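To keep things clear, I will list the structure first and then write my remarks on it.
The values are calculated or read from the model by the stated rules, or taken from the named source; none is laboratory data. Treat the numbers as computed from the prediction; the structure is a model and nothing was measured. Here the Cβ is made from the backbone with ideal geometry for all residues, glycine too, and neighbour counts use every protein chain on show. The protein model used for the area step is the full one, side chains on, heavy atoms only, and it has no ligands, DNA or RNA in it. Shrake-Rupley method; radii C 1.70, N 1.55, O 1.52, S 1.80 Å.
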Amino acid sequence: MKYKGIDIISLHDLDRSFLDYLMKKTKEVKEGKWQNACKGKIVASLFFEPSTRTKLSFDTAIALTGASVIGFSSAAASSTSKGESLSDTIKTIDQYADIIVMRHSVEGAARRAAEVANAPVINAGDGANQHPTQTFLDLFTIFELKERVDNLKIGLMGDLRFGRTIHSLVMALSFYNAELFLISPSILKLPSYYLDYLESKGIKYHELEDFTEVGNELDVLYCTRIQRERFADPVEYQKVANSYEISRDNIESLAKNTIILHPLPRVNEISPTVDDDPRARYFYQAKNGVYTRAALLGIVAGSIS
Amino acid sequence: MKEIYKVYRIENGTVIDHLPAGTALKVIEIIGKNSDDFIAIGMNLDSRKIGKKDLIKYENKFLARDETDKLALLAPGASINIVKDGMVVEKRKISIPAILKNIIACKNPNCICNLEKVETEFYLTNEEKKQYRCKYCEREYEISDDFLF
Ligand SMILES: [Zn+2]
């Protein structure tokens, strides 16, 4: 019951012992131990910004815990479209719900909601800032397939500069003793304050531009999308996009037991022709999102302990 | 204590000492606007500690917490002397604040603190760089003087 009632807003608020606990409980949920643990609870699922993928994953997780769900899937359907403040919307829904899950396009919206609500708030994405449950499912997938995070060699590839999932994952991995390979075009490198942060935590990292140089050393290769909008020159984009695509041509530069992960949706970063390769685990990873979110709901509700 | 008398004496109030040379006017602009009382400024005074320094004396003014915080961001090495009946009764070293509560605004237009009425809060993440993280949007900023105006 240690974590009953806590808000899940940002990796900045969490630590290794919480993550270890969540990983353990997610495993139990996946093994079928906690079915209907939240029976009788009401979860408010507030998607001020539409996100079908995250919403469906949460809906499935809520169903797995046996809780009931109320909410909306776009801002147009909420009363904020009538000019009500976020705080007032949350204060009202707080009267009905045991847990609030929310997605909002404004950064800090979930933090603000947590300040005014009594019910625990789970951040399902706040603009370009945080999306902690994505990080939890990433971490769980690594834990499950590699049985640890300490001492792994983990490649993070793509847009390391703006990528929200990357920034949160870097934070989470910094609680462990993984060695990081930061693979990106030079204009999309990890911001220097994350590098400072890694250094302050004593985490070993390497910056490089081509994953094939280190592919056979990696335990995990985590890929993210490189957005066209980041490039002023479309020719430059095309050049970069091609060299960050995993395909049959370069997949053999990875080791036999490297796992390939991706937060999805993908565009061109991973060719569908490698989906059947046993190393490609991104759909499996998406499925783990359901178990991770179910475990999290149970933990903050105090129903899983 | 010789240099004290190069700048007009005050009976009661605050002396801000050891400001880096050239920063006095900035400090006045940020924390000295809302007072009708006497203010004396000394610029480019000799200092054994920092070479050249500026100094400000405020008659009848005692700095509030937000003013001390702003001063700490502008001139972390400054010191504050409280004067009563012509005597220094208290010397304070200021230090860079760990938390800035309602001192600065977030520069991210998509941050909730710029869209709803909420108090801003920033946490120090790197003292050397004067770097702070917004409590809400979690952006990190190196606090330059323009944040304070
Ligand atoms: Zn902000």
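Which links in A:K41/A:K82; A:K4/B:K135; B:K57/B:K107; B:K26/B:K129; A:K39/A:K91 stretch past 27 Å when you go from one Cα to the other? Could you put the intermediate results ahead of the total?
Details: A:K41/A:K82 29 Å; A:K4/B:K135 23 Å; B:K57/B:K107 32 Å; B:K26/B:K129 20 Å; A:K39/A:K91 24 Å.
As for pairs spanning more than 27 Å Cα to Cα, those are A:K41/A:K82; B:K57/B:K107.
At most 11 other Cβ atoms within 10 Å and a DSSP loop assignment: could you name the GluC sites (Glu not before Pro) in region A:93-149 that fit?
Here the GluC sites (Glu not before Pro) that fit, given the DSSP loop and packing criteria, are A:E147.
Cβ under 10 Å from A:S184's Cβ, A:S184 left aside: what net charge do those residues give with Lys, Arg +1 and Asp, Glu -1?
Around A:S184, the charge tally is -1.
So for B:F62, A:F283, A:F48, what's the accessible-area order with a 1.4 Å probe, most first?
Result of the area sort, largest leading: A:F283, B:F62, A:F48.
Rounded to the nearest Å, what's the spacing between the alpha carbon centres of region B:36-86 and region A:64-115? Just the number, please.
Their Cα centres are 48 Å away from one another.
Report the Cα centroid-to-centroid distance between region B:106-131 and region A:207-266 in angstrom, as an integer.
34
So with the 1.4 Å probe, I'd like the accessible area per residue for region A:132-286, rounded to whole Å².
Working: 6630 Å² over 155 residues.
I get 43 Å² per residue for region A:132-286.
Counting only C-alpha contacts under 8 Å and six or more residues apart, can you give the relative contact order of region A:132-286 as a whole percent?
24
Name the shape class, rounded, prolate or oblate, that the alpha-carbon gyration tensor gives for region A:192-287, where a ≥ b ≥ c are the square roots of its eigenvalues, rounded holds for a/c under 1.5, and otherwise prolate holds if a/b is larger than b/c and oblate otherwise.
Oblate.
For n ≥ 4 DSSP H runs only, could you compute -39500 (n - 2.57) per run for chain A, divide by its residues and tell me the 222 nm figure to the nearest 500?
Details: 9 runs with 109 residues, N = 305.
Result for chain A: -11000 deg cm²/dmol, rounded to the nearest 500.
Which of rounded, prolate or oblate describes the protein assembly as shown when judged by the alpha-carbon gyration tensor and an a/c cut-off of 1.5?
Prolate, since a/c reaches 1.5 and a/b exceeds b/c.
Counting only pairs 8 or more places apart or on different chains, how many lysine pairs in region A:132-286 have C-alpha atoms closer than 26 Å?
Summing the qualifying lysine pairs gives 11.
Report the extension gain between A:R248 and A:S74 in nm, rounded to one decimal, defined as 0.36 nm multiplied by the number of residues separating them, less their alpha carbon distance.
Working: separation 174, 0.36 × 174 = 62.64 nm, distance 3.92 nm.
Between A:R248 and A:S74, full extension yields 58.7 nm more.
In chain A, which whole DSSP H runs stretch at least 15 Å along their own axis (Cα) and average -0.5 or higher on the Kyte-Doolittle scale?
Those that clear 15 Å and a mean of -0.5 are A:52-65, A:132-146, A:282-301.
If I take every Cα pair under 8 Å that is 6 or more residues apart in chain A, average their sequence separation and divide by the length, what percent do I get for the relative contact order?
Values: 562 pairs, mean separation 68.3, N = 305.
This gives 22 percent for chain A.
Any chance you could check region A:101-131 for residues losing 40 Å² or more of accessible area when the partner protein chains are in, compared with the chain on its own (1.4 Å probe)?
A:V106, A:E107, A:R111, A:R112, A:E115, A:N129
Show me, for region B:68-73, the HN-Hα J-couplings you get by feeding each phi into the Karplus relation (A = 6.51, B = -1.76, C = 1.60, θ = phi - 60°), rounded to Hz, glycine and proline as x.
Per-residue couplings from phi come out as 5, 4, 5, 4, 4, 6 Hz.
Could you work out [θ]222 nm for chain B from helices alone, using -39500 (n - 2.57) per DSSP H run of at least four and dividing by all its residues? Round to the nearest 500 deg cm²/dmol.
When only DSSP H runs of four or more count, the value is -3500 deg cm²/dmol.
Amide H neighbours of A:F181 under 5 Å, counting only residues 5+ apart in sequence or on other chains, H built in-plane at 1.01 Å?
A:I154, A:G155, A:L156, A:H206
Checking the a/c ratio against 1.5 first, then a/b against b/c, what shape does the Cα gyration tensor give for region A:180-225?
Oblate, since a/c reaches 1.5 and b/c is not below a/b.
With an 8 Å cut-off on Cα pairs and a minimum separation of 6 or more residues, tell me the relative contact order of chain B in percent.
Relative contact order of chain B: 21 percent.
Leaving ligands, DNA and RNA out of it, work out the accessible area of A:S271 with a 1.4 Å probe and give it in Å² to the nearest 10.
Rounded to the nearest 10, the figure is 10 Å².
What's the total accessible area buried between chains A and B, using a 1.4 Å probe, rounded to the nearest 100 Å²? Don't jump to the answer; show the numbers that get you there.
Working: alone 13230 and 8720 Å², together 20550 Å².
By this definition, chains A and B bury close to 1400 Å².
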